[in-house]
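The values are calculated or read from the model by the stated rules, or taken from the named source; none is laboratory data. Computed from a predicted model, the values in this text were never measured in an experiment. Neighbour counts are summed over all protein chains in view; Cβ atoms, including those assigned to glycine, are modelled from backbone coordinates with ideal geometry. Keep in mind that these areas ignore ligands, DNA and RNA; they rest on the heavy atoms of the full protein, side chains included. Shrake-Rupley method; radii C 1.70, N 1.55, O 1.52, S 1.80 Å.
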Amino acid sequence: MRTQPIMAALFAASVIGFGLAGAVKADSDITVLAGTCYNCHGTEGRSPGSIPSIAGQPYAVLLAQLQAFKAGEARNATVMSRLATGYTDEELEALARYFSEQ
Amino acid sequence: MITRRKILKSLGATALAVPALSMPLVARAQGAAGRVVVVGGGFGGATAAKYIKRRNPDIAVTLVEANSRFYTCPFSNLYLGGLRDFESIGHSYDELTGDYGVELVTGWAQDVDGDAHTLTLASGDVLEYDKLVLSPGIDIRWGAIEGYDEAAAELVPHAWKAGPQTRLLREQLEAMEDGGTFILSAPDNPFRCPPGPYERVSLIANYFKTNKPNSKIIILDAKDNFSKQGLFQAGWEALYGDMIEWVSLSNDGRVVRVDAEAREVETEFGVIHKADVLNVVPPQKAGAIADAAGVTNEGGWAPVDPVTFESRLVPDIHVIGDASVAAPMPKSGFSANAQGKVAAAAIVAAFAGEEPSEPSWANTCYSLIGPEYGISVANVYKVVDGEVVVADGGGVSPADADAEFRRREAVYAEGWYDAIANDTWGTVA
Ligand SMILES: Cc1cc2nc3c(=O)[nH]c(=O)nc-3n(C[C@H](O)[C@H](O)[C@H](O)COP(=O)(O)OP(=O)(O)OC[C@H]3O[C@@H](n4cnc5c(N)ncnc54)[C@H](O)[C@@H]3O)c2cc1C
């Protein structure tokens, strides 16, 4: 996801935070979006505990599960139905893709 | 006076090559991608240190932490209720130092010079940084409640930082006779872990129910409502009958004076309550180093740009976790970890000369009302027009859920703890 550092931007970076506060990169970094899933599903989706692992599951399965959570159609959901509603359909696709590749 | 010795090894390769202070770009050009100092190895700081290294191992990261082992407030209420032993909530820094090459300095961060980009330790050592991350958690506002100072806390614990205070409260609960009264004084918002006081009384009620069934619990509250209130009150009634009494602000719940020797508190309208075990959760502010760095506002917390968690007051200082102003995100370990990851990504991007990514966070606070009765509040957060906002949906566990649902949330609460402890410190349960 990283682009090549350019010299001008490097100089801008040394004074960043004030002039540039609020500006964001156009294509957002999926690992930032996925990072909060780690707190329950384990780092990169590999769970050390009672919450299911999601790393390496097929994309279609993950996407279908996330869409069902969002639609409120997943039986047995305790918390995912409340979290999945916070993401756009595109974000859910990106998350399903990312975890399927872990 | 402070001796300005420098810790060379903690600066990694850069220190050998440069007076990097005045020439940060040169330092980067010569190999190290930048120098980050992190203060605080709790939920926010340990996560930030780890995720900076995961994203770019060439960045030199030094973690300054007062203690060699970290004990979590999350699940400390299970310890208080006799459901866990203390060591099970302890975590080491071995993964950070061993697997990620983070330089650990065990010591107290005393002062920050934001212009010079230096951090001074109580030992007198000085660390230079390109980016400073502060995740010091909370400090108690001693004296905000009359009579509640550091000496009083040795008799009447707050137990709002996990450690000796938590053990003291547990000892007092164990020593209490059946038929005694436990009083918890809860603060007004904002404070660390909004559902924390109510989970605490729940698990103490669970302990009393089997060990001291004639005892009584009173919460004296400086608020008129609290996190997951409906779920807590329904759970209390279901599991503990009328053992727990909650006194709201409007019903004269606000404690204004503590007599630690007598274990008595006085509320706003002059009523004296006598306890056998007294737990004062006092008003709070950002950890002292945030004040020293000049990043706090009048309220005692640090305002930040939510995209990067960089201070709005001093450049190149990122403040995460409880110390920051990130409302509507609550002051939770989950939030601190999530903010640590966002700040890490932003810092790595800045060193690479890139714009920060669009941030995203989630938070879920699980609370246990009993060992097999869990509830939660869950939300996703994003930035709109420079402010953190709650994304669509989210909310608390359903009010009408059955016992099986509550049981599963209790199991998942433990799963959450195992996952976040592993993600933050590498702990394998
Ligand atoms: C009873 C209770 C229950 C809780 N339960 C939950 C829960 O279930 N879920 C949840 O998400 N959150 C929970 N929390 C909240 C959680 O503990 C905090 O929100 C979280 O610890 C904040 O992380 P932090 O990084 O800001 O601070 P901390 O985790 O407190 O870390 C701060 C660290 O900085 C160090 N430090 C501070 N100043 C200095 C200095 N000057 N020099 C060197 N080191 C320094 C401290 O030693 C400490 O290790 C609970 C809190 C309490 C009190």
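Rank these by accessible area, largest first, 1.4 Å probe: B:382, B:212, B:274.
Descending order: B:274, B:382, B:212.
In Å and on Cα atoms, what radius of gyration and Dmax does chain B show?
Rg then Dmax for chain B, in Å: 22.2, 70.
Round to the nearest 10 and give me the degree value, 0 to 90, for the angle of helix B:229-240's Cα axis relative to the longest principal axis of chain B.
Between helix and principal axis, roughly 50 degrees.
Please report the antiparallel percentage of DSSP beta bridges with both residues in chain B, rounded to the nearest 5.
In chain B, DSSP labels about 50 percent of beta bridges as antiparallel.
Can you give me the Rg/Rh ratio for the stretch B:294-347, using Cα atoms for both radii and the Kirkwood formula for Rh?
On the Cα set of the stretch B:294-347, Rg over Rh gives 0.93.
In nm, what is the difference between 0.36 nm times the number of residues separating residue B:142 and residue B:390 and their Cα-Cα distance?
86.0 nm
So what are the three principal axis dimensions of the stretch B:104-216 from its Cα atoms, in whole Å, longest to shortest?
61, 29, 27
Okay, which of the stretch B:201-229 sit inside 14 Å, backbone N to the point 7 Å along the Cα-Cβ direction of residue B:251?
B:217-226
In nm, to one decimal, how far is the residue B:66 label point from the residue B:54 one, both placed 7 Å along Cα→Cβ?
In this crude spin-label approximation the distance works out to 2.8 nm.
Between the stretch B:341-419 and the stretch B:100-141, how far is it from one alpha carbon centroid to the other, in angstrom?
28 Å
For a quick check of your reading of the filter: which trypsin sites (Lys or Arg not before Pro) in the stretch B:196-272 sit in a DSSP loop and have no more than 15 other Cβ atoms within 10 Å?
Counting only loop positions with at most 15 other Cβ atoms within 10 Å, none of the trypsin sites (Lys or Arg not before Pro) in the stretch B:196-272 qualifies.
Connecting C-alpha atoms closer than 10 Å in a GNM of chain B, tell me which of B:35, B:408, B:167 has the biggest fluctuation.
Residue with maximal mean-square fluctuation among B:35, B:408, B:167: B:408.
Here are some pairs, A:70/B:285; B:53/B:228; B:209/B:274; A:70/B:53; which of them have Cα atoms lying more than 26 Å apart in this structure?
Over 26 Å Cα-Cα: A:70/B:285; B:53/B:228; A:70/B:53.
In deg cm²/dmol and to the nearest 500, what is the mean residue ellipticity at 222 nm of chain B if only DSSP H runs of at least 4 residues count, each as -39500 (n - 2.57), divided by the residue total?
It lands at -8500 deg cm²/dmol.
Give the longest segment of chain B that steers clear of GluC sites (Glu not before Pro) in DSSP loops with at most 10 neighbouring Cβ atoms within 10 Å, not counting the sites themselves.
It works out to B:1-176.
Sort largest first and round to whole Å: the equivalent ellipsoid semi-axes of the stretch B:186-247, each the square root of five times a Cα gyration tensor eigenvalue.
That gives 21, 11, 10 Å for the three semi-axes.
How are the C-alpha pair distances of the stretch A:27-72 spread across 5 Å bins, as whole percents from the shortest bin up?
Reading the bins upward from 0: 6, 21, 21, 30, 20, 3, 0.
Against the longest alpha carbon principal axis of chain B, how many degrees, from 0 to 90 and to the nearest 10, is the axis of helix B:164-175 turned?
20 degrees
Pop a pseudo-label 7 angstrom from the Cα along the beta-carbon direction at both residue B:229 and residue A:93 and give the gap in nm to one decimal.
Distance between label points: 4.3 nm.
Between beta-carbons, use under 12 Å as the cut-off and find the net charge around residue B:329, counting Lys and Arg +1, Asp and Glu -1.
The answer is 0.
At 10 °C and a viscosity of 1.306 mPa s, what translational diffusion coefficient does Stokes-Einstein give for the stretch B:300-419, taking Rh as the Kirkwood radius over Cα pairs? Give it in µm²/s as a whole number.
102 µm²/s
Can you tell me the orientation of helix B:333-351 relative to chain B, as the angle in degrees between its alpha-carbon axis and the longest Cα principal axis, to the nearest 10?
Orientation of helix B:333-351: about 10 degrees from the principal axis.
What is the sum of charges, Lys and Arg at +1 and Asp and Glu at -1, for the other residues whose Cβ falls under 12 Å from the Cβ of residue B:222?
So the environment of residue B:222 carries a net charge of -3.
Within 12 Å, Cβ to Cβ, of residue B:69, how many net charges do the neighbouring residues add up to if Lys/Arg are +1 and Asp/Glu are -1?
So the surrounding residues net to -3.
Leaving out ligands, DNA and RNA, calculate the buried accessible area for the pair A and B with a 1.4 Å probe, summed over both sides, in Å² to the nearest 100.
4300 Å²
Just to check, using Stokes-Einstein with a Kirkwood Rh over alpha carbon pairs, what's the diffusion coefficient of the stretch B:242-284 at 25 °C and 0.890 mPa s in µm²/s?
Value of D from the Cα-based Kirkwood radius: 220 µm²/s.
Which values of log₁₀ I(q)/I(0), to two decimal places, follow from the Debye formula for the stretch B:144-282 at q = 0.22 Å⁻¹ with a uniform point scatterer at every Cα?
-1.58
Rounded to the nearest Å, what's the spacing between the alpha carbon centres of the stretch B:197-276 and the stretch A:39-102? Just the number, please.
About 38 Å separates the Cα centre of the stretch B:197-276 from the one of the stretch A:39-102.
Take every DSSP beta bridge with both residues inside the protein assembly as shown and express the antiparallel ones as a percent of the total, to the nearest 5.
Within the protein assembly as shown, antiparallel bridges account for around 50 percent of the total.
Between residue B:149 and residue B:113, what is the spin-label point distance in nm, taking each point 7 Å from the Cα along the Cα→C-beta axis?
Each label point lies 7 Å from its Cα, and together they span 3.3 nm.
Note down the accessible area of residue B:58, probe 1.4 Å, to the nearest 10 Å².
100 Å²
Expressed as a whole percent, how much of the Cα-Cα distance distribution for the protein assembly as shown exceeds 33 Å?
40 percent
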